[in-house]
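Take a look at the structure set out below.
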Amino acid sequence: MQAMTMNEQSHEAWGEPFFGTASAVQSFDMGELLLLAYDLGDMINQSAEVAEYLYWKHVVEQDQEVQVLAKRFAKAKEAFGETERFGRFHPDYHAAKDKVKEIQRELDAMEAVSRFKAAEQTLDELLHEIATQVAGSISDTIKVPGNERAGGGCGSGGSCSCGSGGCG
């Protein structure tokens with residue numbers, strides 16, 4: 001493989017020639033790979049997805065109503081955590097659980113919060129796609145963690161809050 005300048009590497013390294021063959025990777029040394037990784041990080045940081053995420057994160061952080069509700073949510077979650085040790089047998093379990101769900105719904109209904117969560121999800125999908133491309137370019141057998149939430153139902157061990165009544 002012919003030697004390339006860093007500028008040429010920046011433009012070509014993330015395309016098919018780089019990801020498509022193992023021999024292309026072998027011609028780079030670790031320093032060059034790290035520089036390319038920083039270039040990729042810079043490209044991601046300059047993306048519309050990151051800009052949208054950072055904008056809505058700032059809006060959420062500055063919104064007093066969101067902050068008040070977030071504090072109420074944290075307190076309700078803490079109270080629920082105390083009852084959760086005993087599960088459905090604790091006298092305040094269901095009320096504490098319902099309070100957490102109620103405040104969570106209020107938070108989710110706020111435009112700033114819903115837009116922040118949507119931007120966060122979009123950015124997460126972008127990062128997952130990049131990780132999948134990088135891993136796949138090396139080998140089809142490399143596992144990339146999925147974006148799905150881990151199951152937490154009755155069959156996962158321990159107590160859960162699935163509402164079936166048979167867990168805690």
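Here are some notes:
- Entry remark, segment 78-117: residues being hydrophobic (A, V, I, L, M, F, W, C) and without any contact (Cβ under 8 Å) to a residue 24 or more places away in the chain number 5 in total.
- Qualifying helices (runs of 4 or more DSSP H) (wholly inside segment 8-108; at least 2 residues being under 25 Å from the mean Cα position of the chain (by Cα) and at pLDDT 90 or above): 30-45, 48-62, 64-84
- When E120, E82 are checked against the criterion of being loosely packed, with under 15 Cβ neighbours inside 10 Å and of a type in the set (D, E), E82 stands alone in meeting it.
The values are calculated or read from the model by the stated rules, or taken from the named source; none is laboratory data. Note that this is a predicted model, so its numbers are computed, not measured. Cβ: placed from backbone, ideal geometry, glycine included. Neighbour counts: every protein chain shown.
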